[in-house]
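Down below is the structure, laid out as structure tokens.
The values are calculated or read from the model by the stated rules, or taken from the named source; none is laboratory data. Values in this document were obtained by computation on a predicted structure and should not be read as measured data. Backbone-built Cβ (ideal geometry, glycine too); neighbour counts: all protein chains shown. Note: areas computed on protein heavy atoms with side chains; ligands, DNA, RNA excluded. Shrake-Rupley method; radii C 1.70, N 1.55, O 1.52, S 1.80 Å.
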Amino acid sequence: MSPSDSAHALIATHRQRADRDAHSPEAIRERRGHDFRLVPAALVMWLAVAATIITRGPWPTAVCSTLVVVLVAFRWRGAFGPTSAFTDHLLTWWRTAVVALASGVIGAGSAWARVLILDATPALTQVFAGDSPRIVGEFTVAGTPKQLAEGSVLIPVDVPQLGTIPLFLNVERAHGSAHQDSAEAASVSGAEAGEIDALNLQPGHRISMSATMQLDDRPGLAPVTLRGERGVEWAHDPEPDGVWAWTAWLRGGLRWAVSPLPSDEAGLIPGMVVGDTSRQSPEAGDWFVSTGLSHLTAVSGANVAVVIGTVLVMLTALSVPRRWTALGCAVALGAFVLVVGPEPSVLRATVMGSVGVVAVATVRWSDVVASLCFAVIVLLLLSPGLAVSFGFALSVVATVGIVLLAPRMSTSFLRWWTHRSHDWWAREPTVAEALLVRLVCVSIAADAVTAPVIVLMTGTVSVTAIAANLLVAWCVPPITVVGLGLAPIGGVLSSFHVPQQLAWLLSGGLLPPAWWIVTVAESLAQVPRVETPGGAVWGVIWAAVLALVISSAFFLHRWRQLRWAWLAVATALALTLNFEEPPPEERDMATVPSTVSLAGKRVHEVSDDEYALRLEGLDPRVDVIVNRSCGRPHNRPSVTHDGVPVLYPCRDGTELTDYTGGME
């Protein structure tokens, strides 16, 4: 088959493919269409559970129960009349409404029961009364630590009776006290008590901490946060056990494998593979948020899709039967969870990824919507807190956009491109062109449908999100797949104390794609973003604007009818929107000290950040690192993972006094 014939097969419409093969997924979709029967049930349950958590009251359960009773009484009194086509449709809608409201009763009732149990705990009772109770004891790390702005660290910890609560530590408390009595530094179960680098903690580690509990402004099952009063220390039995021990070993192996790479790339790869962003700098995190690439460093359905897609392509190339292919995808999904760790976000992504396994197993892509709705219902019953989680909303909305919008966009655009290719070059589009169009449509669909949720979250919209995702799309599969393979290899080699310099042979091939992603994020982060007032109202407005844009693209022949709508939208947006410029260097330079006295300090001069990160055994209260390299200003105070200040006299213009140069 020639390339043009292959391209023609790729760009054929769904109806043409259905006519050729009566058992193809397209033929089944033509006969059945998408199964939307569970959509009302999932939406009503989602809204009811979210309302229960936000209000912390029983009224959502009461409202849904009352409506169910009214509908049942309406049907029992024979209100539909004699049988006809109209009454049959009315009866179908009645059944759908009853099932949806009954789902809302079950979901809201389950959430309310959990809210009642949590609100009765002594800690939340004191918080709601306006107090800030102290939480002291040994707790389990429930997620990967994350470095925040100005050196602060966020550690998810598992608090008995409350679940996972975020613990915030400042620079000094995050890295503990630099000097402790020898009695306090005694060895405990193979680990030393005292100073801990919080960024080296892994899920499953046991730590000792003292913190105050405060009310959080974000809704949740337990809407509180913890503020550390001192540095965290090792518990009496600190090592993770069970699956967490295996996960910690694999994560350590991945860190070891990428350690020779530059700091930005070494912090990016673990985030893309296992969601470990502990080595990613706050500056790099801001770049990814500004360009719409933050999903790359969070374990999401994209990671699952890459893993399943790789296995699917390999097994299909080997002509493995479909049932065994589905089983292979399921095994790969389980192995992925084992490598990454059963964190809540990972389990959520796994459930979303199982939707694709269902489609592969049943050969009915129309089942994807029903499978997604079923997954939403199950997740809300097991973890009601997801109803108010933006991460959960983004996962669901992105999946809906890829399933429903992307195929229609790609089919329409491929049909248009086929006509243009005939008119301009008298040829069929190539396979590469067809695949590129589909990749572009998937990216546009995912970014378009998630934009209203992002507006609701932050009030800003990145104008470079689609371009950034397209530019880095080719880098995601190799980093994810190769990184998963590096984790066990690095774990074995590090266990045998292989020289770390040899890790370059393993991870050196990932440097070009990782460098490209960092470069794209850093470059496009300088582009201004659209800024809105934010909130639910603007989320709905932005959704309406995007619906108008997509409708206009599908119905270009109706531009005369839509031109007045576009004029009204453009006028309203011009009067309310503005562009958020990247903070100018002059404004940010105020955060960097113009003069620093180094009297009484031990100064360590370095030529790059990589060498600074290799320095060990430094005291944050005595040691100072001076980086003599020049380049783009940092615009904010910088510290190492151990809390040691790093000064950039050439980049930031900081004047060093009481210092003559060299190492003291």
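If you take the C-alpha gyration tensor of the range 253-332, multiply each eigenvalue by 5 and take the square root, what semi-axes do you get, largest first, in whole Å?
Result for the range 253-332: semi-axes of 32, 14, 9 Å.
Leaving out ligands, DNA and RNA, and with a 1.4 Å probe, what % of the accessible surface on the range 411-558 is carbon or sulfur?
Ligands and nucleic acids excluded, carbon and sulfur reach 74 percent.
Can you put 45, 409, 457 in order of accessible area, largest first, using a 1.4 Å probe?
Of 45, 409, 457, the descending order of accessible area is 457, 409, 45.
Suppose accessible area is computed on protein heavy atoms with a 1.4 Å probe; arrange 146, 601 from highest to lowest. Kindly include the intermediate steps, with their values, before the conclusion.
Values: 146 95, 601 60 Å².
From most exposed to least exposed: 146, 601.
Let me check I've understood the local charge: for residue 413, count other residues with C-beta under 13 angstrom from its C-beta, Lys and Arg +1, Asp and Glu -1. What total comes out? All intermediate terms of the calculation are to be shown ahead of the outcome.
Details: positive: 408, 415, 420, 438; negative: 433.
Taking every Cβ under 13 Å from that of residue 413, the sum is +3.
Points 7 angstrom from Cα along the Cβ direction at residue 286 and residue 554: gap in nanometres?
Placing both labels 7 Å beyond Cα along the Cβ direction yields 4.0 nm.
Can you pull the accessible area of residue 427 for me, 1.4 Å probe, Å² to the nearest 10?
Solvent-accessible area, nearest 10 Å²: 80 Å².
How much length is gained on full extension from residue 43 to residue 138, taking 0.36 nm per residue of separation minus their Cα-Cα distance?
Here the segment from residue 43 to residue 138 would lengthen by 30.3 nm.
Suppose the chain between residue 318 and residue 500 were pulled fully straight at 0.36 nm per residue; how much longer would it get relative to their current alpha carbon spacing?
Length gained, residue 318 through residue 500: 61.8 nm.
Report, to one decimal in Å, the Kirkwood hydrodynamic radius for the range 115-165 based on all distinct Cα pairs.
Values: mean 1/r = 0.0794 Å⁻¹.
It works out to 12.6 Å.
Beta carbons within 10 angstrom, averaged per residue: use that to sort the peptides 100-109, 540-549, 483-492, highest first.
100-109, 483-492, 540-549
Give me the one-decimal nm value for the distance between modelled label points at residue 73 and residue 622, 7 Å along each residue's Cα-to-Cβ direction.
According to this spin-label approximation, the distance is 8.0 nm.
What is the sum of charges around residue 446, taking Lys and Arg as +1, Asp and Glu as -1, for the other residues whose C-beta is under 15 Å from the C-beta of residue 446?
Overall, the nearby charge balance is +1.
Using only alpha-carbon positions, what ratio does the radius of gyration of the range 434-552 give when scaled by 2.2 N^0.38 Å?
Compactness ratio reported: 1.45.
Starting from the Cα of residue 91, step 7 Å along the direction of its Cβ; do the same at residue 568; then give the gap between the two resulting points in nm.
4.1 nm
Of 621, 56, which has the most accessible area with a 1.4 Å probe, and how do the rest follow in descending order?
Ranking 621, 56 by accessible area, largest first, yields 621, 56.
Viscosity 0.890 mPa s, temperature 25 °C: what is the translational diffusion coefficient of the range 195-238 from Stokes-Einstein with a Kirkwood Rh over Cα pairs, rounded to a whole number of µm²/s? Mind showing how you got there, number by number?
On the way: Rh = 12.0 Å.
Once the numbers are plugged in, D ends up at 205 µm²/s.
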